[in-house]
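The values are calculated or read from the model by the stated rules, or taken from the named source; none is laboratory data. Being a predicted model, the structure only gives us computed values, none of them experimental. FYI the Cβ positions are ideal-geometry reconstructions off the backbone, even for glycines, and counts take in every protein chain you see. We work out accessible area using only protein heavy atoms, side chains counted, and drop any ligands, DNA or RNA first. Shrake-Rupley method; radii C 1.70, N 1.55, O 1.52, S 1.80 Å.
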Amino acid sequence: MLVREACYVPLSIARQYGDAERLRRHQLRWINRLLGLARTRVPYYRDDPRYARGPLRSLAELAELPVLDKQVLREQPLERLLAEDVDPDRCLSFQTSGSTGRRVRVLHDQDSHDYHMAACVRRFLATGRYLPTDRLSHIRPFAPPGRMFEKLKLFRRHVILSHRPMREIKAELLANRPKVLIGYPVHLRALLRELTPAELARLKRTLRLVMTESELLLPEHRTMFEERFGAPVFDEYSAFEVLNIAYDCRYGRAHLGEDRVYCEIVDDQGRPLPDGEPGQVVVTAFMERAMPLLRYSLGDIGMIEPGRCRCGRRFRTLRLTAGRSNDYVTLPSGERLYPDAFLHLAAVHPGISECFVHQDADGLVRLHIVPSGGDGQEVFETVRAKLFGLAGGDFPLEVVAAESVRISAGGKGRFVTSDYAAPPA
């Protein structure tokens, strides 16, 4: 496994810069292999006549297949989504973050996971600031098993569990003196609130790089992290179901890992949208052989950025724009407010550290604010005015104080939840 990973590293690095037409042929060939496996050896696809077709003649024909959503993974027994000749005990097992309240198990075959791990090396190298010998601190919900190369002081990862009290997290972080810090944006913001000026100065003496993952990173929060930590910030987009999807280069654009995933941006009917137009992010991880997911909707909203990046990579770039497509509140006008609206408010409004919102079954929007000092009542009133201006009018809104952001079972911040069933348009 380790040898195979090592062999894949130079291949994954070289493929970033290859010919675009050759890359598209590579994607089509692998997707057809995946489709052939799915319709013959995976019960879920074999029983659905929509997958009973020959090889695709172009990548555009992939859009003729249905979009697979997370509800299927929740409802289907695991064995119906696994290839019949796969031994689950020989696969890598992951669980989704549980942001919707229920965690789902996903399996990856060893070979595809090895390529993913190799591709993670290029994610770090794309920063232009990371060395394999750098000390790295990773604030995350769980600690993965150690790797053999870490004994050689290569790619060492010092994991700090995110559910611990923040005073313990910062103490361990400062003791490790990391050159690289990785964490969810919500945890990094909490860390900055906890660090004293002297402690932050101490951390900045060694810190050269900050990496974020797993949550929407607003430009305002990226700027705040760069200013406060004194180091450049690089984001990563991934999901346990398909592993790494996109990684930042030094020009701040998120390159899709197109040698192992094919990404589409689609409308509510699953039809592809042109570059530059936001929609639902749908991916096909075409190297998977254990649990193939064809046209899998990640539940996020983003767009393919037009034009090539100055860094020279041929992989297209993705920009997440609003948060999760199923996390929103519905206004009386029928318009929706997504997490980015509330995260932006927390990023730029004085007196607010964090905020999260819940819409009840009657349509009342209750905005919970984690204050950062000042006159709370005055903050509440200005927040109400800003949201009414954003919505183009009044709507049922209640603003209340909170001590902290809700955290899901997977350690992510829960910024928008709703029990409201909007009436049909």
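Remark: the chain projects, on average over all directions, an area of 21.2 nm² (convex hull of Cα atoms). Using the Kirkwood radius built from alpha carbon pairs, what does the Stokes-Einstein equation give as D for segment 1-87 at 20 °C and 1.002 mPa s, in µm² per second? D, rounded to a whole number, is 140 µm²/s. Computed with every protein chain present, the accessible area of His344 is close to 80 Å² [probe 1.4 Å]. Based on alpha-carbon centroids, what's the gap between segment 359-402 and segment 128-200 in Å, whole number please? Value for the Cα centre distance between the two parts: 34 Å.
Straight-line cross-link reach from Lys170 at under 26 Å between alpha-carbon atoms covers these lysines, not counting any fewer than eight positions away in the same chain: Lys151, Lys153, Lys179, Lys204, Lys412.
What Kirkwood radius, in Å to one decimal, follows from the Cα pairs of segment 230-299?
On the way: mean 1/r = 0.0760 Å⁻¹.
Roughly 13.2 Å, rounded to one decimal.
With kT/(6 pi eta Rh) evaluated at 37 °C and eta = 0.692 mPa s, and Rh the Kirkwood radius from Cα pairs, segment 1-158 diffuses with a coefficient of 176 µm²/s according to Stokes-Einstein.
With the cut-off at 1.5 for a/c, could you classify segment 317-419 from its C-alpha gyration tensor as rounded, prolate or oblate?
Working: a/c = 1.38, a/b = 1.10, b/c = 1.26.
Rounded shape, in that the Cα axes give a/c under 1.5.
Calculated on the alpha-carbon coordinates, the convex hull of segment 208-353 measures out at 136 cubic angstrom per residue.
What helices in the chain pass both tests, a Cα length along the helix axis of 27 Å or more and a mean Kyte hydropathy of 1.6 or higher, using whole DSSP H runs?
Details: long enough: 20-41 (31 Å, -0.91).
Helices meeting the span and hydropathy rule in the chain: none at all.
Indicate the gyration tensor shape class of segment 162-267 (rounded, prolate or oblate), computed on the Cα atoms with a ≥ b ≥ c the square roots of the eigenvalues: a/c under 1.5 is rounded; otherwise a/b larger than b/c is prolate and the rest oblate. Prolate. Listed by chain and number, the aspartates and glutamates whose C-alpha is less than 12 Å from the C-alpha of Lys70, apart from same-chain residues fewer than 8 away, are Glu241, Asp300.
Across segment 301-376, counting alpha-carbon atoms alone, Rg and Dmax equal 16.9, 51 Å.
Can you give the local net charge around Tyr115? Use residues other than it whose beta-carbon is closer than 12 angstrom to its beta-carbon, Lys and Arg +1, Asp and Glu -1.
Working: positive: Arg4, Arg15, Arg122, Arg260, Arg289; negative: Glu5, Asp109, Asp111, Asp114, Asp259, Glu288.
Value of the local net charge: -1.
Below 8 Å, C-alpha to C-alpha, sequence gap of six or more: please give me the relative contact order for the chain in percent.
About 15 percent, as a whole number.
Over segment 118-195, what relative contact order in percent results from Cα pairs under 8 Å that are six or more residues apart? Walk me through the intermediate numbers first.
Values: 91 pairs, mean separation 27.3, N = 78.
Reported relative contact order: 35 percent.
The aspartates and glutamates within cross-link reach of Lys386, meaning a Cα-to-Cα straight distance under 15 Å and a gap of 8 or more places when in the same chain, are Asp340, Glu378, Asp394, Glu398.
With the helix formula -39500 (n - 2.57) applied to DSSP H stretches of n ≥ 4, the chain reaches a computed 222 nm mean residue ellipticity of -9500 deg cm²/dmol.
Under the combined filter of DSSP loop state and at most 14 neighbouring Cβ atoms within 10 Å, segment 1-59 retains these chymotrypsin sites (Phe, Trp or Tyr not before Pro): Tyr17.
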